[in-house]
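The values are calculated or read from the model by the stated rules, or taken from the named source; none is laboratory data. Since this is a predicted model, take the numbers as computed values, not measurements. Methodologically, a virtual Cβ is constructed for each residue, glycine included, from the backbone with ideal geometry; neighbour enumeration extends over all protein chains shown.
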Amino acid sequence: MEQSELLVRRIREGTVIDHIDEGMGLKVLDALQIDGSDGSLITIALNVPSGKFKKKDIIKVEGRFLKDDDTNKLAVIAPKATINMIKDYRLIEKRRVSLPNEIDRIFRCTNPDCVTNSAEKIESVMDVIDREGRVLRCRYCSRTLDVDRLRYN
Ligand SMILES: [Zn+2]
């Protein structure tokens, strides 16, 4: 077990999101709407030493397993993250996030004139045009979208 794992209490059942890029932990919480309002135990560790010169953020959420939409959000915000699923204090599955070719619904286009922001309730579809730089493009209005400035639907 990594030393950093010991910093925060083990959970009985739920998800540990590890290897979140330093400084992105709070954004992940916001994106996944993890706010503790349901009473579940949440542990957040920011700036945990990882390797010689690096740091990372870690989030542990008791009683919650991530859905596909959550995983896609995570892939955009924290592309190096790993998702660890815990049951009975044991790791039952570990997987990396991966950025899909398109992202549906979860982000809102920043173009106020875009049809997806109209009264017609058309759901957003965004193509991932640059995986490294995490750049998306709205399929409806072709606006290029900076991931860090997107709002969630
Ligand atoms: Zn658009």
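Figures for the structure shown
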read-out	value
Which listed residue, of V135, V76, is at pLDDT below 95, of a type in the set (V, I, T) and under 14 Å from the mean Cα position of the chain (by Cα)	V76
Failed item, numbered, when M85 is tested on (1) within 11 Å of the chain's Cα centre (by Cα); (2) assigned to a strand (DSSP E or B)	(1)
Selection within segment 7-54 - under 22 Å from E93 (Cα atoms) and among the charged types (D, E, K, R)	R9, R10, R12, E13, D18, D21
Top-ranked residue in segment 93-115 [being closer than 23 Å to G14 by Cα and in contact with a strand residue (DSSP E or B) (Cβ under 8 Å, 6 or more places away or on another chain); ranked as nearest to the ligand (Cβ to nearest atom)]	I106
Residue within segment 66-87 that is surrounded by fewer than 16 Cβ atoms within 10 Å (Cβ to Cβ), out of contact with any His (no Cβ under 9 Å at 6 or more places or on another chain) and among the polar types (S, T, N, Q) present	no
Conditions (1) within 15 Å of the chain's Cα centre (by Cα); (2) of a type in the set (A, V, I, L, M); (3) under 21 Å from E22 (Cα atoms): number failed by I106	(3)
Given (1) under 30 Å from G14 (Cα atoms); (2) within 16 Å of the ligand (Cβ to nearest atom), number of the condition R90 does not satisfy	(2)
All positions within segment 12-47 that are within 15 Å of the chain's Cα centre (by Cα) and among the acidic types (D, E)	D18, D21, E22, D30, D35
Residues of segment 116-149 classified as within 11 Å of the ligand (Cβ to nearest atom) and either polar (S, T, N, Q) or assigned to a loop (DSSP other than H, G, I, E, B) (or both), total	11
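Residues checked against (1) surrounded by fewer than 16 Cβ atoms within 10 Å (Cβ to Cβ); (2) part of a loop (DSSP other than H, G, I, E, B); (3) of a type in the set (D, E, K, R):
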residue: V16; (1), (2), (3): no, no, no
residue: G23; (1), (2), (3): yes, yes, no
residue: D30; (1), (2), (3): yes, no, yes
residue: N47; (1), (2), (3): yes, no, no
residue: S98; (1), (2), (3): yes, yes, no
